[in-house]
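Written below as structure tokens is the structure these notes are about.
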Amino acid sequence: MTEPPAMPRRRGAARTDELLQVTLDLAAEVGYAGLSIEAVGRRAGVGKHTIYRRWPSKAALLLDALSRVWTSDLDYRDTGDVRGDLREQFLRSGRALSSPPIGPVYRAVIAEAQADPTLRATLHERFLATVEQSTLDRITRAQHTGELTAEADLEFAAEVLCGALYYRSLLSTRPIDEAAVDGLLDMFMAAYGTTGQDDPDSPGDPVSPTLRGGAEPPVA
């Protein structure tokens, strides 16, 4: 395959952005296994030592490149409606995970990480833990404003919310569509939401108390 001509040389932040974009482009073409620091250097028109001064490994370089385009998709809006904010972010992330440049590159990294403990640890630290923490921060704010039950431990809930979406994206052929997101959030709000809990006309909480950390009621 003929390499495209090297890009004009740049400095500082512009050089970093250029290297990250080249990395994404190459990863989309050849996958994680076919990506190399040397190939990125050739495409960008720089020596490999220039890249190694910024990134210690191919994994670190690629994950930085993914972060560059995914930052906005990890952020939650805070409109005061936790269900609406989760829904908006999950649908936005779902689109990002299913389309270029993030989707195919991220799936390739996930596949490679199964046989590479260092990459797996880096992936968890740079992405999965960040996603979970961002979700936990948003639902914790909702707990503080009274939208979610005060006594609930939300750490596991954040993991389940994120895990359901990543399972669909990476292991299932089913889409992260509105029906899937709405079903997930219906269960979450039934388990942790405060709306309707004190309403005598409410049909009741269909979710087992054990989901909220409470005890099951005695059987009559």
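The values are calculated or read from the model by the stated rules, or taken from the named source; none is laboratory data. Predicted model only: the values in this text are computed from it and were never measured. Note that each Cβ is placed from the backbone with ideal geometry, even for glycine, and that neighbours are counted across all protein chains shown. For the accessible areas, the whole protein counts, side chains as well, though only heavy atoms, and no ligand, DNA or RNA atoms are used. Shrake-Rupley method; radii C 1.70, N 1.55, O 1.52, S 1.80 Å.
So that you can scan it fast, the table gives a plain yes or no per residue for (1) among the acidic types (Asp, Glu); (2) over 20 Å from residue 130 (Cα atoms); (3) in contact with a Gly (Cβ under 7 Å, 6 or more places away or on another chain):
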position	(1), (2), (3)
27	no, yes, no
33	no, yes, no
38	yes, yes, no
46	no, yes, no
49	no, yes, no
54	no, yes, no
59	no, no, no
65	no, no, no
68	no, no, no
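Which residue is most open to solvent (accessible area, probe 1.4 Å), if the candidates are limited to the range 36-74 and must be basic (Lys, Arg) and under 23 Å from residue 117 (Cα atoms)? Please lay out each step first, then the result.
Of the residues in the range 36-74, the ones basic (Lys, Arg) are 42-43, 48, 53-54, 58, 68.
Of the ones still in play, those that are also under 23 Å from residue 117 (Cα atoms) are 54, 58.
Values: 54: 92, 58: 48 Å².
The selected residue is 54.
Taken as a whole, the range 105-122 holds at least one residue that is in contact with a Lys or Arg (Cβ under 8 Å, 6 or more places away or on another chain), without any contact (Cβ under 8 Å) to a residue 60 or more places away in the chain and not hydrophobic (A, V, I, L, M, F, W, C).
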